[in-house]
Each structure stands twice: as structure tokens, then as C-alpha cells.
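Asker: For reference, the structure I am asking about is given below.
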Amino acid sequence: MSPSRGVDAGRLRAEFTDFFIERGHVAVPSESLIPHDPTVLFTIAGMVPFKTYFVGDEPAPWPRATTVQKCFRTVDIDIVGTTERHCTFFEMLGNFSFGDYFKEDAIPFAWEFVTSALGVDGDRLWITVHESDTEAEQIWHDSVGVPHRRIQRLGEDNFWKMGETGPCGPSSELYYDKGAEHGVDGGPARGGTERFVEIWNLVFMQYDRRPDGGTTDLPRPSIDTGAGLERMLPLLQGTDSIFDTDVFVPMLETAQSVTGRTYGRDGGVDVGLRILADHGRAMAMLSSDGVVPANEGRGYVLRRIIRRAVRRARQLGGDRTVTPDLIDAAVSVLGGAYPALVEQHGRITEVLHGEEERFVRTLATGTELLADELASGGEVVSGATAFRLHDTYGFPVELTVEMAEEGGARVDLEGFERAMDHQRAQARAASKKVRTADEPAYRTVLDLEGPTLFVGQRPDGYAAPARVLAVLVSEPSGRSGEAEIFLDRTPFYAEGGGQQGDTGTIVTESGTAHVYDTVSVLPGLSAHRAKVTGEVLAGQDALATIDGPRRDALRRNHTGTHLLHAALRTVLGDHVRQQSSLVAPGHLRFDFSHGEKLAPEELRAVSSMVNGEVLTDAEVVVEETTRAEAEAMGALAFFGEKYGQRVRVVRAGPHSIELCGGTHVGALGMIGPFAVVSESSIGANTRRIEAVTGTGALDRMAERENLLNEAAALLRTEPEHVAQAVDRLLERQRTAEKALEEIHQRELRSEANALVAEARDGVAVVRLDGREPDALRALARSVRELGGLRAVVLAGSPDGTRATLAAAVGTAGVGAVELRADRLVEAIGPLLGGGGGGSPQLALAGGRNPAGIDAALDEARRTLLGES
């Protein structure tokens, strides 16, 4: 059976995944090209994300898994373009067993998928096994039916090991015979390398290698397989080259467009076009996973392939920038499988285009320098020249080697490494000098290293490998242990848009920084403020890890503010505008324009709408676009935020679409319940709502339920009857209070009658201690209301430290002068150490001189009765 010609990359990914899901495997999404494993620079195989499971550091979450894993290998950079089958970025199809099934299932799985699911002719498949693996050979022959003549035994090439010690085991590979026109016969062991193409590798992890070189059987043998998607596609699309498949043809078309050259007419031109096609895919995928061009580590690899592609384009006659077109093509080819590529399209283009422009400015001068040295007749480019090209003109040394070989010369790599070692030593010495955190230092970091790349937008973006660019201290002495750390890339969100900065750790080989805040000290530059134990030095590789549960809470509350904003505008009207916000782990605060207090039914409507949106569990869609396109969508932008020409749009459900750079949940259901805690005024026409989501809302509900249960217990009723029980209690209280008031009034009248009875000449002046001012005033009023007296003056001390006096008068005066209570207390109040006032009929005085009470009463008698 000839290969199917209708299987494109998307269908191959789907059929592979579905095949193994049907056989009990869990489909696991691709991990980043930047691994958590510090022993490898990139994810170089499908098993890299699962290494901790294979070595037993942690248990696997599933017994079986299948992935389509993004991979990148630097070893093939110089080979790419010279063959029809090598590429740097590739996708590895894999199925894995973590102590579940072994050879007896893995081998038939592979054969069935290739021959039955894909329709590849089994007679053109060859098998290799390790020379010691009789068991695998028997399974291929007895269970699958492959004849012995197409099963070949090989040595170390078919034995896999993770390191000098640890899990290891034999492997078995599937090869496809492309036919006699591609080389000599003899199978993979002895035939032509272009004729017999490896399409699948099955690794049988069954041994544990000891330090002495011996092996013991693993208690739970495992399976790790890898099938290159790019290697399989030519078989399925009826072509001999990976560059003639659907994952490369659009890239080649773009390479032809930017250079003006045609593929297939000249072998040398074809090599260059294939380099552009491969490197265009690779630079796009590396950048989408957060790698930025740099002089060290992963960034150096990215810089190398960008500059290699730019130089090739210029060699082929291209006279304009090539990276934007290559990125556009890569997004069209791979964006469907990897949405992050689409989401970050604008940023990727901006970063890579900027790198290209910087290199183009020095390319001509550097090329001329190298040409002059080659023209001098020497066969060796000195290490000093290679270092100058690298350090001054941005030529990766591999590019210098490539250009020198084209001119028939070689590069003194030992001399180059000596110059590099000297530079590194100087950098290490400089890194240990204490630099204080201030604006000039911040600007130096930004100018030298560029902006911080934030890689924490993904819902699982809790950790990322990074490089320490600079360490600044808060005190010139550097002894406090407090520092501000700057990374090339970070999962830490810097405080902005109301969202608090992330916390977590930055770990290097010599120290740990406990990050307590992340802030943007300059536009684009994030500082990680931390307490450092050990040493964290510029130039070190690091693992940056945020506090995941805290970030989850921040995401819930941030998306919650978006839903709240939309609900307020729906319920109250479009005049509502966000004025400011606070997104903290424990709560959210949202300030908005509105002229009056929200009615209870309005608050209920807002809460109901937010929770209704949450229950839909709609996807939160984040995309990058132009400012004009975002405005056309109706995206909201508020409270003085500054935006560039390219903006980030967050769509949370059908009613909310805003410009926002913060972190958000992946789907609305992740917010959990939403509850308003308070609504208040904070100024003219500005209101504030504080609310909680998720666990905060659940805690609030639990607290309220506990309070309700306690109230029910105290009222001796059921929780649902608390309101009625409280009504009954309040009614009893009102009845009791009314009865007490009636008793009090009777007592008051009785005491007032007694005072009237004891009055002389219609005047009662009496000392009554132990009564508060209100009680004296009430008694004085009661006496006045009885009538029959011209005046009453009552005074005393409530507690021995204060003095109080109350006076009330009737309608009659004393002699020819009208009597007024207010003037009376004004006259005698100073004797109490204070003053007083009130109405002409009833007034009150007080002070801090209880010793003056009797004198004040005597003065009242003299005034009212004329006593001397």
C-alpha cells in the first residue's frame, strides 16, 4: 500500500493523539522549549518533561501519556539546509508508559499506528534492535510479523541512557525504505543514509546502571517513544524531502519572496533557502516560549540562528529585512497548533525585527574586517579577530567559522575561548561590586540588557528558567541582605493596572532570593525585590518560581474586576467608568464613577450578573492587536493607562472586553463565587465596591453561615426561622421598653411633685448627686411641666469628678425682670469650672469642679429668692 497523500500536519497530530487516547493514554499538552531540567539547554526530546517521573523523583500523575512535544536541537544547526531531512525545531510525537505496559504492547502499538492508521506499506519498514535484545526481536517477528531479514541488530546506537548512571535500556527503531534511487540496499545497518530514514524510536527503560558500570533490572520498566512529525510527513505526502511538506512549503515560499531567488534551480541557493525556512520556524517558536536574543545561553542560540538567517538572505540577494515575513509565515504554519504563537505575534516580530536591524548595521563592517584578514593570505583567522567580531559586531563565533570556511580558512577557536574567558572573568569581578538601586542604575540595566520579558501569562506559568542580568542593593553597604534582582525573562508579574506584584523565589547555584514584591522601576524593566540568602550574581542561570496559589487568587480577583465593571455598566448605565482598582490575593477593590449609593436591588443585580457569567465557564480570550482594532472591538481602557500601538485585549464572557496587561483565569468558572463585601462613597460622584472571589467568597459564606447558626442557637430556632424569631424578640423588647418608660415617667412625676411640695416662694433649689446630666435635665423639665413653680435649679456630681446643673423656669418673672434659664446657668456655670447654655425655659451647665456645686446653688438662691 502506498502512503496516503492526504495527511497534513494537523491531521497527523490529531490521529496520533486520538490513537493513543483510545488505548488508555492521557493527552498531555506540549511543554515549553525551555525545560525545567537544568542539565539541558532546550527541550530536545518528548521525554524531557517527564524525566522526574522516569528517574523516580516524583510519581507520574498517569500510568500512560501521549504528547506532541515542541523540541529544539542545536546539534543540527550547521547541518540544516545541506540535507533534505534535518531541522532545528521539530515536533516529537510520543507515547509513554510509567511502569504500566512494556515491549509487548509498545511494539504492536507503533506498528499498528504506522501501517493501519497511516497506511504506510509494512514491506518498506525495517527494524533495528540492540544486539542483546532478543526479546524485542521476537516480538517484532512473532507478534507483528516482520521477517527476520528486515530486523537488524546494532550496538551502542540502539542503547539509550539518561547519564553515566541511572535508568537506561535498549531501543528499537523503525526505518522507512525510500527506494533504490536514494542509495544502496542493506537496511539501516549497511544501506544508504538518505535511503533508510528513521521515523520512530522506542526506548525500553528496563535497567538501572550503577556507578561501577553494572546494571540491575528496574522494578517497573517504562516506555519512552519518539516519532518525528517532520520525518513522517514526507512519507504521507508522497515526497522525499521535509521541505516539500505542508510545514515547510509556506516557509520556502516566503524565503523565495524575500530573496528574489527560486527554489530548485541551484543547489547552493537551495541550501540558503532551506536555512531561511528552518530558521524562520525555529526563531518564532523559541521567541514565543520566552527566549530573547543575548550573548549567553539560550539567547545566544536564538541570536545565532537569527543572524545566520539574515546573512544568508543577504548572500542570496535580499536587501530588506526578512524576519517579519518569516515570522508571519511561521505563525500561519504553526499558529493553529500553538496558539501562543498567534497571541504573541506582535511581540515576537518586534523583538526579532529589532535584533535583525541591529545586526544589519554591523554586518557590512564585520564582513569587511573578516574579508581583509582573509585577503591578507593567512589560512587562520586569529582568536582576537573572532572575539572582536563577536564582541563588537555581534557575529556568533559559529558564523565566523562558517564564513572563514567559505574563504578556505579556519578560526583559532582556542584563542577565541581565551579572549572569552578573560571577558567572563572581568564580568564576574564587576558583578561582585556593590551597585545601589537607583534610577541611573535602572537605566544602565535597561540600556545594556533591554526590557524584561514577562513569560507568566499562561495559566500554568508559575516557573521559568532565566538569566540574572543585574543585582542592585537597597543600601550602599550591601549588608542588609535586601536586593533588587533583574532577569532577562520572568514569570513574576510586576505591579501594574491595580494588580499587586508576584512573590516567590529565584534560585541559582549559589543562593536563593525570596522575592517579596515585583515592581516596574522603569517602563519595561521589572525589579524583583528580595531577601537574599547565599549569593545571587549577575550572569548566573536561575529558576524563577512564583507563589502559585497567590497568583491563582490574584487571577481570580483580576478577572473578577472585569466582570464587575461590565455588570456595573449594564445595571447602572454606560456613565460608569473605572477610576482605580486594587487586585490583591485576599480581595478586590473597584472605584467607579456614579453619583449615588447603590440601592439593594442594584447591588443584587450586579452580583447576580457576575455570578451568572462565572457559571457559564466561558473561555477568557486574550489576544494582541493594534490599538485601532481594539477600539473597533469596543475594548475599554481607563484610569490614565498608557498604551502603545499594539495592545493586549482581554475578553471575559460576552459583556466584558478591556485592554489589560494583567494575569487572568483561563475560563470564568475558575473565579468561583463572587460576593460584594461593601459599597461606599469615597468622594463626590465616586463609589467604591470591595468584593471577594473564590476561596475568599467561600470563607465569607462559611463565616456568615456560622454566625447564622449561632444566632439560631441563641434564639432557640432553626436558621431559616431566625428573621421571624428576631422580629418576635424585637417586639417583646419594644413592649418591655415601653413599660419601663411608663414606670420611669411615673417615678419622675412623683419626684417632681415632691420637689414642688418642698419649694419656697415658687422656687426649688436642690442638690442631687449620682445623676447624669440627662437625668437632671429630665427631672427639671418634669417639674416645669407640673406648673406652679417659678423656677427649679438642680445640681450635683454624677461621679465625684464632674459637676452638672440643670435649670428650668415657668412663665413668671422675679420682680420686674423676666427670668431666663439660659442666663441663669451662664451666670452660675463658671462656679462649676465650666459653662452652660440652652433655651430661656430649660438650660444645662457643667464643669470639672464638683467642689463648686454648693456655691452655685447658693448663688441660684440669691438670684431667685434674694437670699444673702
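The values are calculated or read from the model by the stated rules, or taken from the named source; none is laboratory data. Just so it is clear, the model here is predicted, and its values are computed rather than measured. Because the Cβ atoms are built from the backbone with ideal geometry, glycine has one as well, and the counts that use them run over all protein chains shown. Ligands, DNA and RNA are excluded from the accessible area calculation, which covers all protein heavy atoms including side chains. Shrake-Rupley method; radii C 1.70, N 1.55, O 1.52, S 1.80 Å.
Asker: Can you tell me which of 597-603, 337-343, 22-28 comes out highest on packing, and rank the rest after it, using the mean Cβ neighbours within 10 Å?
Answerer: With the highest mean Cβ count within 10 Å placed first, the list reads 337-343, 22-28, 597-603.
Asker: May I pose another question? Can you give me the relative contact order of the stretch 51-97 as a percent, contacts being Cα pairs under 8 Å and 6 or more apart?
Answerer: Contact order relative to length: 42 percent.
Asker: Hey, can you rank 580-587, 170-177 by average C-beta count inside 10 Å, highest first?
Answerer: Peptide ranking by packing, descending: 170-177, 580-587.
Asker: Rounded to the nearest 5, what % of the DSSP beta bridges within the stretch 112-233 are antiparallel ones?
Answerer: About 85 percent, rounded to the nearest 5.
Asker: Pick the calculated Cα extents along the principal axes in Å for this structure from (1) 142, 67, 60; (2) 81, 63, 53; (3) 163, 85, 47?
Answerer: Matching entry in (1) 142, 67, 60; (2) 81, 63, 53; (3) 163, 85, 47: (1).
Asker: L698 versus R604, label points 7 Å from Cα toward the beta carbon: distance in nm?
Answerer: Spacing of the two 7 Å Cα→Cβ label points: 2.7 nm.
Asker: Ignoring ligands, DNA and RNA, what percent of the 1.4 Å accessible area of the stretch 591-747 is carbon and sulfur?
Answerer: It is 54 percent, rounded to a whole number.
Asker: In what sequence, highest mean first, do 314-320, 29-35, 284-290 appear when ranked by Cβ atoms within 10 angstrom?
Answerer: By packing density, highest mean first, the sequence is 284-290, 29-35, 314-320.
Asker: Give me the 1.4 Å probe accessible area per residue for the chain, excluding ligands and nucleic acids, in Å².
Answerer: Heavy-atom SASA per residue in the chain reads 45 Å².
Asker: Sticking with this structure for a sec: For an R0 of 56 angstrom, estimate the FRET efficiency from the Cβ-Cβ distance between R728 and D157 and round to the nearest 0.05.
Answerer: Efficiency for this residue pair is about 0.05.
Asker: For the stretch 493-589, what's the relative contact order in percent, using C-alpha pairs closer than 8 Å and at least 6 residues apart?
Answerer: It rounds to 27 percent for the stretch 493-589.
Asker: How many percent of the accessible area of the stretch 239-316 is carbon or sulfur, using a 1.4 Å probe?
Answerer: On the stretch 239-316, the fraction of accessible area on carbon and sulfur atoms equals 38 percent.
Asker: Any idea how far apart E720 and E405 come out in nm if each label point goes 7 Å out from Cα toward Cβ?
Answerer: 8.3
Asker: Calculate what fraction, in whole %, of the accessible area of the stretch 85-130 sits on carbon and sulfur atoms when a 1.4 Å probe is rolled over the protein chains.
Answerer: 42
Asker: With r as the distance between the Cβ atoms of R577 and E181 and R0 = 60 Å, compute the FRET efficiency 1/(1 + (r/R0)^6) and round to 0.05.
Answerer: 0.25
Asker: I would also like to ask the following. Over all alpha-carbon pairs in the stretch 584-626, figure out the percentage whose distance exceeds 11 Å.
Answerer: 79
Asker: A further question on this structure: Simple spin-label model, 7 Å along Cα-to-Cβ: R358 to R746 in nm?
Answerer: 9.6
Asker: Relative contact order of the stretch 1-98, please, whole-number percent, based on alpha carbon pairs below 8 angstrom and at least 6 residues apart.
Answerer: 28 percent.
Asker: Less than 10 Å Cβ to Cβ from R760, Lys/Arg counted +1 and Asp/Glu -1: what total charge do the surrounding residues give?
Answerer: Local charge sum for R760: -2.
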